[in-house]
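I have placed the structure first, in the form of structure tokens, so that the comments after it can refer back to it.
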Amino acid sequence: MTETGIAIIGAGAAGHSAATTLRQEGYQGSITVVHADHQGPYNRTLVNKAVLQGLLTPEQIALPTLDGLGINVVADRAVALDADRRAVRLDQGGGLTYGAVIIATGAKPRQTVVHTEGLRGRVFTIHTTEDATRIRDRLSTGTPEQISVTILGAGFIGAETASYLTDIGVNVDLVSRDITPLTGAVGQDIGQSITELHHKHVRTHFGREIIKVSGNSHTVTVLLDDQTTLTSEIVIVAHGTVPSTDWIGNPTGGGIVVDDRLRAETIEHGYAAGAVAVHRSLAGVGYRIDHWDAAAAQGAHAARAFLHDHYDAPDPGPYVPTTGFALQLYRTSIAAFGALLPHSRQESTDLEPAGSHTTAFFSDDGRMHAIAGINAGRTLHSMRSNLNRP
Ligand SMILES: Cc1cc2nc3c(=O)[nH]c(=O)nc-3n(C[C@H](O)[C@H](O)[C@H](O)COP(=O)(O)OP(=O)(O)OC[C@H]3O[C@@H](n4cnc5c(N)ncnc54)[C@H](O)[C@@H]3O)c2cc1C
């Protein structure tokens, strides 16, 4: 390889982990990390868990600095990639060339409420520390009990945010097109238990379509397809994420398809890791994993694959998702390991009376590739080593 070093675009879970892994594995070449985080790279999982609630400041969720590792960190937005010239153009006019590139630009909120005229400062997504601070500022204009928030979307972010806002006394309306949200991520049975938790703690509008979002400088009104109108001080849109690939000429938001070593299939000398990467299941179905530990594991894997491809380091083998995620909803803990695929079959569920633990197992071609549970952390940890074993 032409030794002009490695460029890592993005410094979140995947990019940060790729950079530190390269140094830990003894790579002494040049590393340039580019990120577009105004205040510096940070742990995104704490945006709604800590910054929104005022438990931590944006500065307190910063990732460890890369400066001491001899890494060149550039705070700028990448705006174009020229794979033939191995060059990245940056927003402020500069650019860089590379021997290889790891793309780790993550994902961004799917934009579903497009007509926000007159709704400035009332309709938010919750993805960055700036988002959390803006929402927090809005919430602090009254006592929590006087404030209502409508959350559109009951996936992970919508569900968690509903739970946190409820904890601090805010009135929450939670809207989802799905009758049983999150089943794609945790299976039907656990999805059902989560749905029941929501029904108990917030006003739910599940199985509903949004017809219109309108409002004025004081309130926002959401009209649903059963003619229900929800009026609140603010609306939080949590309709999932799309990969951040507009800067490489992919405005439709398709991710970067990778092989099993996380080499980008259509970008020579390129790798992709984290929420931007599209993996293929054994059945050939494309899927992304938008979780912190998976992104960090992929960043490390892509770094090792680069060292193997260019410096004869050991082959890291195929990337197999075994990491997990956990969330607290209304003081109930939900966790999963592995990746539920679009065609995953739920093999068994061990449902016990409410309050005790619940686990579910998922498999594909005879291998257990995901496990999920409610209040079942210990069981899940003990099962984890069996994931993806033939
Ligand atoms: C509110 C919230 C809570 C979450 N909670 C959890 C949780 O509890 N558990 C969990 O497992 N996951 C959680 N997630 C998901 C998790 O944060 C992501 O899956 C993870 O951050 C993905 O890592 P990544 O490295 O792919 O992307 P990110 O961590 O988002 O990092 C992307 C990086 O790319 C940079 N970037 C983007 N575009 C450009 C560009 N054009 N040029 C230069 N740099 C660019 C960004 O500045 C950033 O540094 C949460 C997400 C959100 C939004």
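The values are calculated or read from the model by the stated rules, or taken from the named source; none is laboratory data. No experiment lies behind these values; they were computed from the predicted model shown. A quick note on method: Cβ atoms are made from the backbone with ideal geometry, for glycine too, and the neighbour counts reach across all protein chains shown. Note: areas computed on protein heavy atoms with side chains; ligands, DNA, RNA excluded. Shrake-Rupley method; radii C 1.70, N 1.55, O 1.52, S 1.80 Å.
Summary of values
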{"read-out": "Set Val242, Val222: member being within 16 Å of the ligand (Cβ to nearest atom), closer than 21 Å to Thr161 by Cα and among the β-branched types (Val, Ile, Thr)", "value": "Val242"}
{"read-out": "Filtered residues of region 325-348 (kept if assigned to a strand (DSSP E or B) and modelled with pLDDT of 90 or more)", "value": "Phe325, Ala326, Leu327, Gln328, Leu329, Thr332, Ser333, Ile334, Ala335, Ala336, Phe337"}
{"read-out": "Selection count, region 211-244, where residues are assigned to a strand (DSSP E or B) and under 30 Å from Ala277 (Cα atoms)", "value": "6"}
{"read-out": "Selection count where residues are away from the ligand (no atom under 16 Å from the Cβ) and either in contact with a helix residue (DSSP H, G or I) (Cβ under 9 Å, 6 or more places away or on another chain) or open to solvent by 70 Å² or more (accessible area, probe 1.4 Å) (or both), scope region 99-142", "value": "12"}
{"read-out": "Residue count for region 31-59, restricted to those that are under 16 Å from the mean Cα position of the chain (by Cα), part of a loop (DSSP other than H, G, I, E, B) and among the hydrophobic types (A, V, I, L, M, F, W, C)", "value": "0"}
{"read-out": "Filtered residue count, region 170-197, keeping only those that are touching a residue at least 60 places away in the same chain (Cβ under 8 Å) and open to solvent by less than 20 Å² (accessible area, probe 1.4 Å)", "value": "4"}
{"read-out": "Residue within region 7-14 that is surrounded by fewer than 18 Cβ atoms within 10 Å (Cβ to Cβ) and touching a residue at least 24 places away in the same chain (Cβ under 8 Å) present", "value": "no"}
{"read-out": "Set Glu209, Glu233: member being of a type outside the set (A, V, I, L, M, F, W, C) and within 12 Å of Val123 (Cβ to Cβ)", "value": "Glu233"}
{"read-out": "Sole residue being within 14 Å of the ligand (Cβ to nearest atom) and open to solvent by 50 Å² or more (accessible area, probe 1.4 Å), chosen from Leu55, Leu69, Leu96", "value": "Leu55"}
{"read-out": "Subset of region 220-239 that is open to solvent by 40 Å² or more (accessible area, probe 1.4 Å) and touching a residue at least 24 places away in the same chain (Cβ under 8 Å) - its residue that is nearest to Leu182 (Cα to Cα)", "value": "His239"}
{"read-out": "Helices (runs of 4 or more DSSP H) wholly inside region 116-196 that include at least 3 residues being closer than 20 Å to Ala326 by Cα and touching a Lys or Arg at 6+ places or on another chain (Cβ under 9 Å)", "value": "156-167"}
{"read-out": "Condition met for Leu46 (surrounded by 15 or more Cβ atoms within 10 Å (Cβ to Cβ), free of Cβ contacts under 8 Å to residues at least 60 places away in the same chain and within 9 Å of the ligand (Cβ to nearest atom))", "value": "yes"}
{"read-out": "Given (1) among the charged types (D, E, K, R); (2) more than 13 Å from the ligand (Cβ to nearest atom); (3) not in a loop (DSSP other than H, G, I, E, B), index of the condition Arg261 fails", "value": "(3)"}
{"read-out": "Per-region count, region 60-114, residues part of a strand (DSSP E or B) and either more than 20 Å from the chain's Cα centre (by Cα) or farther than 26 Å from Lys49 by Cβ (or both)", "value": "20"}
{"read-out": "Lone qualifier among Val242, Val258, Val278 - being more than 25 Å from Ile157 (Cα to Cα), of a type outside the set (Ser, Thr, Tyr) and under 19 Å from the mean Cα position of the chain (by Cα)", "value": "Val258"}
{"read-out": "Cross-chain or 6+ apart pairs with Cβ under 7 Å, region 122-135 first and over 13 Å from Tyr42 (Cα atoms), then open to solvent by 40 Å² or more (accessible area, probe 1.4 Å) and within 11 Å of the ligand (Cβ to nearest atom)", "value": "Ile126/Ile157"}
{"read-out": "Test: Arg345 is basic (Lys, Arg), open to solvent by 30 Å² or more (accessible area, probe 1.4 Å), away from the ligand (no atom under 11 Å from the Cβ) and not assigned by TED's automatic domain parsing to the domain that holds Ala154", "value": "yes"}
{"read-out": "Among the candidates Asp309, Asp315, residue that is part of a helix (DSSP H, G or I), surrounded by fewer than 18 Cβ atoms within 10 Å (Cβ to Cβ) and either hydroxyl-bearing (Ser, Thr, Tyr) or modelled with pLDDT of 95 or more (or both)", "value": "Asp309"}
{"read-out": "Residue ID - surrounded by the most Cβ atoms within 10 Å (Cβ to Cβ), chosen from residues in region 349-367 that are modelled with pLDDT under 75 and part of a strand (DSSP E or B)", "value": "Asp364"}
